[in-house]
Amino acid sequence: MNIIIVGCGKVGRTLAEQLCNEEHEIVVIDTNSEKIQQLSEDLDVMGITGNGSSIGVLTEAGLKETDILIAVTGSDELNLLCCLIAKKVSDCHTIARVRNPVYNKERHFLKERLGVSMIINPELAAAMEISRLLRFPSAIKLDTFSKGRVELLKFKALPEFGLQGMSVMEIIEKFRTDILVCGVERGGNVHIPSGSFRIQDNDLVSIIASPKNSALFFKKIGVHTHQVRSALIVGGGTLGYYLASLLIEMKIRVRIIESRRERCEELSELLPEATIICGDGTDKKLLFEEELADAEAFVTLTNLDEENIFLSLFAKKISKAKLITKVNRLAFDDVVDELDLGSVIYPKYITADYILQYVRAMGNSVGSNVETLYQILDNHAEALEFYVRESSIVTDIPLARLNLKDNLLIACINRNGKVSIPRGQDTIQVGDTVIVVTTVKGLKDLKDILKK
């Protein structure tokens with residue numbers, strides 16, 4: 001497909017990289033000529049320096065032949081204007097990044113009246129991911145499929161769980177719960193495990209199951225599964241506001257530390273149920289006064305990665321809190337992952353995943369649609385949910401007889417709301433949603449799971 005990306009920040013660059021890997025024709029637009037030059041040198045993209053809301057610039061970028069325009073500049077208004085102009089000039093799909101909570105309340109109007117195909121709010125998406133983790137604090141990462149009917153959870157195999165040396169099949173037989181071990185990270189290596197694969201202590205293990213079955217499994221291995229009752233948040237920006245709103249709905253007590261007095265006054269009005277503390281979140285004395293040592297959850301959401309990382313390391317030293325650390329820079333994610341900061345949230349990756357999901361779904365509007373997409377296993381694999389719209393070479397045939405690609409698992413089938421972990425004699429049927437976990441990147445259709 002022909003795709004125009006307006007804005008070459010972290011999200012724009014991440015999208016350009018991923019979409020180039022999937023062999024789309026990409027044009028990037030930004031007012032910063034250095035960013036355009038750098039991206040053009042690093043990737044097989046056409047770069048244009050200019051304002052993405054200019055009809056002349058968009059025409060030069062080939063707007064009339066474009067399938068999708070994605071506007072991810074730092075300005076909500078500019079993103080919406082780019083999409084509005086694109087819809088007036090061509091019949092392309094448009095995606096806008098919109099952060100302001102005011103616009104978030106008007107997203108249906110923006111989509112219907114302005115014709116924006118998709119509005120992505122990075123802070124809200126990140127807040128929703130954090131709220132899921134605080135509902136299930138033992139998970140390092142928690143993604144949902146099928147409107148919450150299926151969960152993909154990552155946890156660390158601690159010695160007290162007694163999983164050392166057990167094979168995947170032995171774990172299933174011993175604990176007798178309907179789960180699937182779909183990924184293991186060990187020492188920088190990623191595995192899509194077979195039944196004979198053996199778990200070691202400190203492995204990062206990903207399982208897929210219904211919420212009921214995942215909770216039952218964790219209970220049997222001795223993992224705490226109850227949501228936290230209170231959370232201490234450092235940083236009262238847009239993400240802090242969205243998160244606090246979600247946690248208050250979950251009946252979790254919220255305290256926010258924010259350094260800007262005007263923002264504290266705003267938050268006090270917007271969030272009357274939360275406790276707003278005006279102060280420096282990096283002040284050790286203040287953190288002790290706010291009982292960090294006894295906190296159930298500690299979430300660092302300042303705009304400085306260094307502050308967030310140091311605060312989480314400090315909290316890890318003095319408390320047993322569930323730690324969640326926001327990181328904006330993507331270049332050093334491998335270093336950050338080695339620091340054991342609990343759950344690390346990258347809003348830029350979350351945004352890119354949502355947009356990539358939409359692009360994949362557009363790429364095949366018949367057959368089977370990509371409904372959900374997550375980058376998992378330290379971004380070395382993908383978990384995709386397909387909706388099966390029509391009969392094909394993968395339907396009504398026992399899974400054991402399908403010639404599946406290597407390093408690929410059919411992890412779950414949702415049929416009329418009933419979730420099951422499939423076995424060899426099960427079949428995929430029209431109307432199912434099917435979850436696939438694989439290290440093979442770029443699947444657009446369920447038929448892509450087969451070897452050619």
Karplus 3J(HN,Hα) series, Hz, for the range 417-425 with 6.51 cos²θ - 1.76 cosθ + 1.60 (x for Gly, Pro): x, 9, 9, 9, 8, x, 10, x, 8
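Return the Rg/Rh value of the range 307-452, two decimal places, where both radii are evaluated on C-alpha atoms and Rh is the Kirkwood radius.
Working: Rg = 18.6 Å, Rh = 17.2 Å.
Here Rg/Rh amounts to 1.08.
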Theoretical ellipticity at 222 nm over the chain - DSSP helices of four or more residues, -39500 (n - 2.57) apiece, nearest 500: -9500 deg cm²/dmol
Strictly under 4.7 angstrom between C-beta atoms: which cysteines of the chain have no such partner? Cys8, Cys20, Cys82, Cys83, Cys92, Cys182, Cys412
Would you please put 307-317, 108-118, 62-72 in order of how densely packed they are, using the mean number of other Cβ atoms within 10 angstrom per residue and starting with the highest? 62-72, 307-317, 108-118
For the range 1-157, percent of DSSP beta bridges that are antiparallel (nearest 5) comes out at 20
For Ala381, list long-range residues whose amide hydrogen, built 1.01 Å from N in the peptide plane, is under 5 Å from its own amide hydrogen. Ile376
Which residue, Val181, Val102, Val6, has the largest displacement toward the positive end of the dipole of the chain when charges sit on each Cβ (Lys, Arg +1; Asp, Glu -1)? Val181
Rounded to the nearest whole Å², what accessible area per residue is found for the range 385-452 with the 1.4 Å probe? 49
Highest average packing first - 190-202, 403-415, 229-241, 78-90, Cβ atoms within 10 Å: 229-241, 78-90, 403-415, 190-202
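So, counting K/R as plus one and D/E as minus one, what does the shell of residues with Cβ under 15 Å around Lys452 add up to?
Working: positive: Lys405, Lys444, Lys447, Lys451; negative: Asp406, Asp445, Asp448.
Result for the local shell: +1.
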All-pairs alpha carbon distance profile, the range 135-180, 10 Å steps from 0, percent: 22, 48, 29, 2
Label Arg415 and Leu270 with points 7 Å out from Cα along Cα→Cβ: what is the distance between them in nm? 4.7
If you take Cα Rg over 2.2 N^0.38 Å from the coordinates, which of (i) 1.14; (ii) 1.01; (iii) 0.95 do you get? (ii)
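Which helices pass in the chain if a helix is a full DSSP H run, must span at least 18 angstrom along its long axis by Cα, and must have mean Kyte-Doolittle hydropathy not below 0.0? It would help to have the intermediate numbers written out before the result.
Details: long enough: 76-89 (20 Å, 0.89); 122-135 (20 Å, 0.34); 305-318 (20 Å, 0.10); 347-363 (24 Å, 0.03).
Within the chain the helices that satisfy the rule are 76-89, 122-135, 305-318, 347-363.
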Calculated log₁₀ intensity ratio I(q)/I(0) where the Debye formula runs over C-alpha points of the range 402-452, q = 0.15, 0.25 Å⁻¹: -0.40, -1.07
So for the range 52-191, Kirkwood radius off the Cα pairs, Stokes-Einstein at 20 °C and 1.002 mPa s: how many µm² s⁻¹? 114
Under a 1.4 Å probe, what is the accessible area of the range 32-79 per residue, stated in Å²? 50
Leading residue at positive end of dipole, the chain (Cβ point charges), from Ile421, Ala244, Val327: Ile421
Roughly how many nanometres apart are two label points built 7 Å out from the Cα toward the Cβ at Asn189 and Asn100? 5.2
Please give the residues of the range 125-161, grouped as numeric ranges, whose backbone N is less than 19 Å from a label point set 7 Å along the Cα-to-Cβ vector of His224. 130-142, 154-161
How much net charge surrounds Pro122 when only the other residues with a Cβ under 15 Å from the Cβ of Pro122 are counted, with Lys and Arg +1 and Asp and Glu -1? +4
Based on the Cβ-Cβ distance from Val89 to Leu339, what FRET efficiency comes out when R0 is 56 Å, to the nearest 0.05? 0.75
If we sort 216-222, 180-186 on the protection proxy, mean other Cβ atoms within 10 Å, highest first, what's the order? 180-186, 216-222
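Would you mind counting up the charge near Lys418? Only other residues with Cβ under 13 Å from its Cβ, with Lys and Arg at +1 and Asp and Glu at -1. Working shown, then result.
On the way: positive: Arg149, Lys212, Arg415; negative: Asp178, Asp426, Asp432.
The answer is 0.
Please report, in debye to the nearest 20, how large the charge dipole of the range 250-379 is about its Cα centre when each Lys and Arg carries +1 at its beta carbon and each Asp and Glu carries -1 there.
Working: 16 positive and 24 negative charges, 38 e Å.
With only Lys, Arg, Asp and Glu charged at Cβ, the dipole is about 180 debye.
Here are some pairs, Lys326/Lys441; Lys10/Lys326; Lys156/Lys348; Lys35/Lys105; which of them have Cα atoms lying more than 21 Å apart in this structure? Write down the numbers at each step before the final one.
On the way: Lys326/Lys441 26 Å; Lys10/Lys326 15 Å; Lys156/Lys348 24 Å; Lys35/Lys105 33 Å.
From Lys326/Lys441; Lys10/Lys326; Lys156/Lys348; Lys35/Lys105, over 21 Å: Lys326/Lys441; Lys156/Lys348; Lys35/Lys105.
Quick check: convex hull of the Cα atoms in the range 376-415, volume per residue, rounded to a whole Å³? Can you show the working numbers first?
Working: hull volume 4.0 nm³, N = 40.
Spread over its residues, the Cα hull of the range 376-415 gives 99 Å³ apiece.
Which pairs in the list Lys219/Lys444; Lys154/Lys452; Lys284/Lys316 are over 25 Å apart, alpha-carbon to alpha-carbon?
Lys219/Lys444; Lys154/Lys452
For the range 250-313, which semi-axes, largest first and in whole Å, follow from the square roots of 5 times the eigenvalues of its Cα gyration tensor? Present the calculation step by step, with values, prior to reporting the outcome.
Numbers: eigenvalues 72, 45, 26 Å².
So the equivalent ellipsoid measures 19, 15, 11 Å along its semi-axes.
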Could you look at the range 211-320 and say what percent of its accessible area is carbon and sulfur, using a 1.4 Å probe and all protein chains? 50
Counting Lys and Arg as +1 and Asp and Glu as -1, each charge on the Cβ, what is the dipole of the chain about the Cα centre in debye, to the nearest 20? 1420
Whole-angstrom Cα spans of the range 312-358 along principal axes, big to small: 42, 20, 13
Answer in debye to the nearest 20: the dipole magnitude of the range 388-433 about its Cα centre, from +1 Lys/Arg and -1 Asp/Glu charges placed on Cβ, is 100
Select from Asn379, Val430, Gln357 the residue farthest towards the positive end of the dipole of the range 336-434; place +1 on Cβ of Lys and Arg, -1 on Cβ of Asp and Glu, and compute about the Cα centre. Val430
Could you pull out every residue, at least 5 positions away or on a different chain, whose amide H is within less than 5 Å of the one on Asn369? Hs are placed 1.01 Å off N in the peptide plane, and Pro or chain starts have none. Tyr387, Arg389
Per-residue HN-Hα couplings for the range 48-65, Karplus 6.51 cos²θ - 1.76 cosθ + 1.60 at θ = phi - 60°, whole Hz, x for Gly and Pro? 10, 8, x, 8, x, 9, 7, 4, x, 5, 5, 5, 4, 6, x, 4, 5, 9
Considering only the chain, percent of DSSP beta bridges that pair antiparallel, nearest 5: 50
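The values are calculated or read from the model by the stated rules, or taken from the named source; none is laboratory data. This structure is a prediction, so every number in the text was calculated from the model and none was measured. Neighbour counts run over all protein chains shown; Cβ positions are idealised from the backbone, glycine included. With ligands, DNA and RNA removed, areas are computed over all heavy atoms of the protein, side chains included. Shrake-Rupley method; radii C 1.70, N 1.55, O 1.52, S 1.80 Å.
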